[in-house]
């Protein structure tokens with residue numbers, strides 16, 4: 001059953017909680033929310049059976065976490081902090097895609113993060129992210145939500161956008177592109193300078209997770225960031241098309257986080 005928590009900035013965040021133990025919050029990337037993401041919920045339920053207290057929440061501006069105005073990274077941090085308070089004041093974060101850069105930014109900015117499990121983080125340093133996200137935001141601010149979403153997805157497999165546009169919920173997906181601002185801000189941050197400097201304050205156990213059938217770019221991104229966070233590791237798990245298989249992912253999250261906080 002959906003529960004709600006109000007952040008220090010006044011936003012109301014919808015979430016589901018499972019189990020007891022060390023805390024783990026799943027941080028979605030651009031797009032997903034609980035109603036359309038059964039994989040994350042199933043993973044959270046299974047990880048909870050293996051000793052964790054897990055939370056899956058709707059990012060601000062999506063699903064049941066209704067929000068208006070500019071939904072920036074500051075509001076996402078406040079949402080995470082409110083959820084961490086429900087778990088005893090600290091938690092590990094499992095980021096998916098651009099949820100990884102949000103999670104890294106949260107740790108680098110001093111949120112009480114105990115560990116980072118990052119699934120296919122798209123943060124190889126390229127120096128062009130600000131230009132790309134700037135155009136997404138210009139279209140967003142002009143009310144061209146379809147154009148903003150199309151531009152956000154321009155370097156993704158073209159069939160992903162085609163499938164989204166054929167979905168009966170596409171109008172909703174496009175309207176919720178306003179929630180991508182925090183994703184964009186975190187991705188720009190991760191590309192704004194030498195990553196060794198950007199991630200200097202990330203000093204918690206960190207694991208980069210990749211699907212066995214992923215894109216070459218994901219391996220390059222993981223390799224780049226691995227070199228900047230002491231003690232971080234990389235692991236391949238069953239998964240394809242930017243998505244993990246539930247059982248092995250849940251088992252690895254439980255193993256990694258229980259060890260990280262012991």
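The values are calculated or read from the model by the stated rules, or taken from the named source; none is laboratory data. None of these values were measured; they are calculated from a predicted model. For neighbour counting, all protein chains shown are included, and Cβ atoms are generated from backbone atoms with ideal geometry for every residue, glycine included.
Name the residues in segment 18-40 that are surrounded by fewer than 21 Cβ atoms within 10 Å (Cβ to Cβ) and under 18 Å from residue 261 (Cβ atoms), would you? Result: 18, 19, 20, 21.
Of the residues making up segment 234-243, one or more are closer than 25 Å to residue 133 by Cα, assigned by TED's automatic domain parsing to the domain that holds residue 68 and in a strand (DSSP E or B). Scanning segment 227-236 for residues that are touching a strand residue (DSSP E or B) at 6+ places or on another chain (Cβ under 6 Å) and buried (at least 16 other Cβ atoms within 10 Å of the Cβ) returns 229, 232. Scanning segment 188-197 turns up one or more residues that are in a helix (DSSP H, G or I), without any contact (Cβ under 8 Å) to a residue 24 or more places away in the chain and closer than 20 Å to residue 109 by Cα. Applying the condition of being out of contact with any helix residue (DSSP H, G or I) (no Cβ under 9 Å at 6 or more places or on another chain) and either modelled with pLDDT of 95 or more or part of a helix (DSSP H, G or I) (or both) to segment 205-220 and asking which residue is surrounded by the most Cβ atoms within 10 Å (Cβ to Cβ) yields 218. Where helices (runs of 4 or more DSSP H) fall wholly inside segment 38-113, the ranges with 3 or more residues that are touching a strand residue (DSSP E or B) at 6+ places or on another chain (Cβ under 8 Å), touching a residue at least 40 places away in the same chain (Cβ under 8 Å) and farther than 25 Å from residue 218 by Cβ are 73-86.
This table checks each residue for (1) within 11 Å of the chain's Cα centre (by Cα); (2) buried (at least 17 other Cβ atoms within 10 Å of the Cβ).
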{"residue": "53", "(1), (2)": "no, yes"}
{"residue": "73", "(1), (2)": "no, yes"}
{"residue": "93", "(1), (2)": "yes, yes"}
{"residue": "112", "(1), (2)": "no, yes"}
{"residue": "130", "(1), (2)": "no, no"}
{"residue": "138", "(1), (2)": "no, no"}
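Within segment 114-123, identify whether any single residue is part of a helix (DSSP H, G or I) and on the phi < 0 side of the Ramachandran plot, and answer yes or no. No: segment 114-123 contains no residue that is part of a helix (DSSP H, G or I) and on the phi < 0 side of the Ramachandran plot.
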